[in-house]
Each structure stands twice: as structure tokens, then as C-alpha cells.
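Written out below as C-alpha cells is the structure these notes cover.
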Amino acid sequence: MTHESPPRAWVEVNLEAIAHNLDVARQALPDTALMPVIKAGAYGHGLEPVARRLDADGIAFFGVANAGEARRLSRAGVRTKPFILGPTFPEEREEIVLNNWCATISTLEEALHFNSLAALYDKTFLVHMAVDTGMGREGFLPSQLNDVVNPLLALPNLRVDGVMSHFPSADEDVPYTQNEIGLFTDCVQQLQQHFRLRYRHIAASAGELGYEIPVANLARPGLLLYGVAPMASIYDGLLKPTLRLSSRVSLVRELPANHGVAYGRTFITAKPTRVATIGIGYADGWPRATSGKGARVYLNGHSCPLLGRVTMDQIMADVTHVPFVAPGDEVELIGPHIPVTEVADKADTIVWTIFTGLGPRLPRVYST
Ligand SMILES: *Cc1c(COP(=O)(O)O)cnc(C)c1O
């Protein structure tokens, strides 16, 4: 007989909520094709399950970070074409060409390499030209476009099928971003004289709901699929949370006054205190930076402040005011009572890092 114990900490993912949030994006942008961004394991929600759930929904591409994620999608039987968002390095390109995944180019060297690989396999490879309108991470500079058009047109096995850029400050600097939209529009118009650009895209979640971008016909929502709007918009209230992070109490103890809690003894009890030890820590992705910042967990109907530093596998919370608490009780760390945005604030970071930090030790449980 084997008996498998329940996990100490786990993530429940609501795939229907992710599909719903994609619908919110679709309604906000009725004439725009969508590239749901599912890189980094769908922001911690699980690459394959999220891709399978969204696959049927008539979308243009899935945004992934690298060839490894694209490969996982094809092995999972996902039909939507993966789009590799960042620059590719030389050793990734043969696999990309062989599988007809979509990639970007920022230099003529990359274009020549893709072209020769496509020639080797006797095919036409479709790429999107990246244009650097301000992010400084990839792309041709707008001033280079004139000089690269003819060399690109001369490559027989490469076709420029789209143009893309990426906002650096859509949620922080509206005037800059509006100006950048003008620059992107100029670049698109210039390139359109030479290429048939089926796809033109610049916006991620913030850009998508916050700005009018008439020249774009494809959007790349990431964070908003996972229920968080990076910028205030009329769509905020429509997004649904997609994930719940839970753990369990492993121990409940009464500590006397003047007793330290956790490494460094940064917290000392002022009075007799009932302390719950909870089975999750920074190794699971619960940010150590929440230590001493007034972060809380939710337990048996009560908010309970965390005490002292987050340790690798455990945290401690003050449960003096909770009438009933016992080992095995469930603890909410992210969920209906504790929004992920609060956790990010307490950790002095952004929501993206909280989602993508959820570690492999946390089993993902899917509900639909
Ligand atoms: C990650 C990423 C996105 C998605 O960004 P969100 O802010 O999460 O919506 C879109 N485009 C590119 C190029 C990205 O790298």
C-alpha cells in the first residue's frame, strides 16, 4: 500500500478565468488579432495546460520566450504557431526554420542566416522585422530601415511578414508612448512600401488597453490574461483572477513575550503570541522581500501578519486573534482575500515577478 500525502503548498489555476480574460482583450480590440503571451510557463500558470485551453480560440500566435518553449507547445499537440518574442541565437535557428515557428530579426546577419537555413530546407521562412522605437533590447533602428530594405528583398527564401516593436514605458509615461506610436506608424508606413506586412504589432497588456494604435493589427497580451491590468482602464473590473496560492499550517505554538522569530531575530514578540508555522517559503517563490513589510496571509477567516523573515521552506504568522487554528488548516497566500498586487507591493516588486517566481515545487491544480 502506498499513501501519497497532500502537498504543503500548491497553486490552483482557473483556466476558464484565463479564457475569460482573453475574451476581455478580444472585446476591447475587436479588429485586432491576438497573440496571447504564454512565455515563462504562462507566467507560472503552466505552459501546456494554458496553451491547450486557449488553442481552439482562433488566435494568431502564442508568444513564447525561446525555442524550448516553442518545442514544448508542438510536443503538446498545440496547433497555434509559436512566436519567439526575443532575438534568437544562431543555434536555435535551424529548429525554428524546420518547424516554421515565427521569429524576429534585428540585423541583416540574422536575416542572412535564416535565409540560408530556409534555402537548405527548400522553404520560405516568414519573419517579423523588429524595430527599436525606444526599448533598446532588439530591432533595427528607425534610421537603418532605408538601408536594409533592398538587402532583405534580395533574400529569396526569407519573407518579411510583419513588423513589431515593444513599448518601454506604456504604463509609466503616456506622452512618450504617444510619441512612440507616431514613430512606429512612420516605420510601418515606410516598410509597407516594400513589404506586404500581414502583422503590425507593438502593444503588450498596458499598451493594448491604454492607447489607440490604428496602424497595429495584432496585440500581445500577457499580464492581463492572468487577471491584472498594468494600467487603469475601463476593462480592469472585467478581468478575473486566475490563480490561488495556498499552503497549510504545520504547527501552532504559544511563544512568550520577548522571543525572536526567524533568522536574524528581526521580529521579537512584545507579548505572549500564538504563532503558526506555515509550509511555504522563498524556495516556492514566496518572496523573501516581504520579510518585515507587513505582509499577511489569510487563515480561517482572518488576516494574519507574517512575523520575521521568510525562510526557505516556512513562514510564521501571528494567529493570536484566530479562535480556531490547527495543523493542516489551509492558508491563503494569493487569492480572493489577498490579491497578487498586494504581494508584489509588499515585496517591492512587480506582479510579473511574483507569477513567474512560483516555483516548480508547487503542484499546479487545474479547475475549469
Ligand atoms: C512579455 C512580453 C509581452 C507581454 O507583456 P505583458 O506586459 O505581460 O502583457 C509582450 N510583448 C513582448 C515582446 C514581451 O516580451
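The values are calculated or read from the model by the stated rules, or taken from the named source; none is laboratory data. Computed from a prediction, not measured in an experiment: that's the story for all the values here. Note: ideal-geometry Cβ built from the backbone for every residue, glycine included; neighbour counts use all protein chains shown. Heads up: the accessible areas ignore ligands, DNA and RNA and are worked out on the full protein's heavy atoms, side chains in. Shrake-Rupley method; radii C 1.70, N 1.55, O 1.52, S 1.80 Å.
So how many residues does segment 347-368 have that are among the hydroxyl-bearing types (Ser, Thr, Tyr) and at pLDDT 95 or above?
Total satisfying the criteria: 4.
From the list 69, 138, which one is within 16 Å of the ligand (Cβ to nearest atom), in contact (Cβ under 8 Å) with a residue 40 or more places away in the chain and open to solvent by 10 Å² or more (accessible area, probe 1.4 Å)?
The match here is 138.
Within segment 95-106, can you find the residues that are within 21 Å of residue 154 (Cα to Cα) and open to solvent by 50 Å² or more (accessible area, probe 1.4 Å)?
Result: 100, single match.
Pick from segment 246-294 the residues that are of a type in the set (Phe, Trp, Tyr) and more than 21 Å from residue 332 (Cα to Cα): which of them is surrounded by the most Cβ atoms within 10 Å (Cβ to Cβ)?
In this case the residue turns out to be 267.
What do you reckon, is residue 281 at pLDDT 95 or above, within 30 Å of residue 25 (Cα to Cα), more than 16 Å from the ligand (Cβ to nearest atom) and under 24 Å from the mean Cα position of the chain (by Cα)?
Considered against the rule, which asks whether it is at pLDDT 95 or above, within 30 Å of residue 25 (Cα to Cα), more than 16 Å from the ligand (Cβ to nearest atom) and under 24 Å from the mean Cα position of the chain (by Cα), residue 281 comes out as no.
If residue 241 meets every condition in (1) closer than 22 Å to residue 49 by Cα; (2) away from the ligand (no atom under 16 Å from the Cβ) apart from one, which number is that one?
(2)
Mind checking whether some residue in segment 214-235 is exposed (fewer than 15 other Cβ atoms within 10 Å of the Cβ) and closer than 25 Å to residue 84 by Cα?
Within segment 214-235, one or more residues are exposed (fewer than 15 other Cβ atoms within 10 Å of the Cβ) and closer than 25 Å to residue 84 by Cα.
Being of a type outside the set (Lys, Arg) and either assigned to a loop (DSSP other than H, G, I, E, B) or within 13 Å of the ligand (Cβ to nearest atom) (or both) is the requirement here; does residue 215 meet it?
Here the answer is yes, as residue 215 does meet what is asked.
When the residues of segment 342-368 are filtered to those that are open to solvent by 60 Å² or more (accessible area, probe 1.4 Å) and part of a helix (DSSP H, G or I), which remaining residue is farthest from residue 223 (Cα to Cα)?
Looking at residues that are open to solvent by 60 Å² or more (accessible area, probe 1.4 Å) and part of a helix (DSSP H, G or I), I get 346.
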